[in-house]
């Protein structure tokens, strides 16, 4: 199944399932290091799906991702999370918030 934008919705669904499985494995193994990136990628997948309220939920995922990265002191996870959130804010016409975040 493909949307009008040429995005393979079945692959997005598979990606979302893979993120959920990886998150569950991380929690079971009590390994928190990938959670920031998993949350960020989940937010990106939500935006690609374009579902109603996707931007609101994606923003929440990006903010959670930033929080996890900061608590871990993981700058390598913090930068992509901040970039994803800033891009979303810019796309919503909240450029000043995006610049302040970066």
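The values are calculated or read from the model by the stated rules, or taken from the named source; none is laboratory data. For clarity, every value in this text was computed on a predicted model and none was experimentally measured. No Cβ is skipped: glycine too gets one built from the backbone with ideal geometry, and neighbour counts run over all protein chains shown.
List of remarks:
Listed here are the residues, each with its yes/no results for (1) under 28 Å from residue 8 (Cα atoms); (2) out of contact with any helix residue (DSSP H, G or I) (no Cβ under 9 Å at 6 or more places or on another chain); (3) touching a residue at least 60 places away in the same chain (Cβ under 8 Å).
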| residue | (1), (2), (3) |
| --- | --- |
| 37 | yes, no, no |
| 48 | yes, no, no |
| 52 | yes, yes, no |
| 61 | yes, no, no |
| 76 | no, no, no |
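- Inside the stretch 1-60, residues that are loosely packed, with under 12 Cβ neighbours inside 10 Å, at pLDDT 70 or above and on the phi > 0 side of the Ramachandran plot make up a count of 1.
- Matching helices (runs of 4 or more DSSP H) fully within the stretch 44-102 where at least 2 residues are under 11 Å from the mean Cα position of the chain (by Cα) and farther than 19 Å from residue 20 by Cα: 75-91
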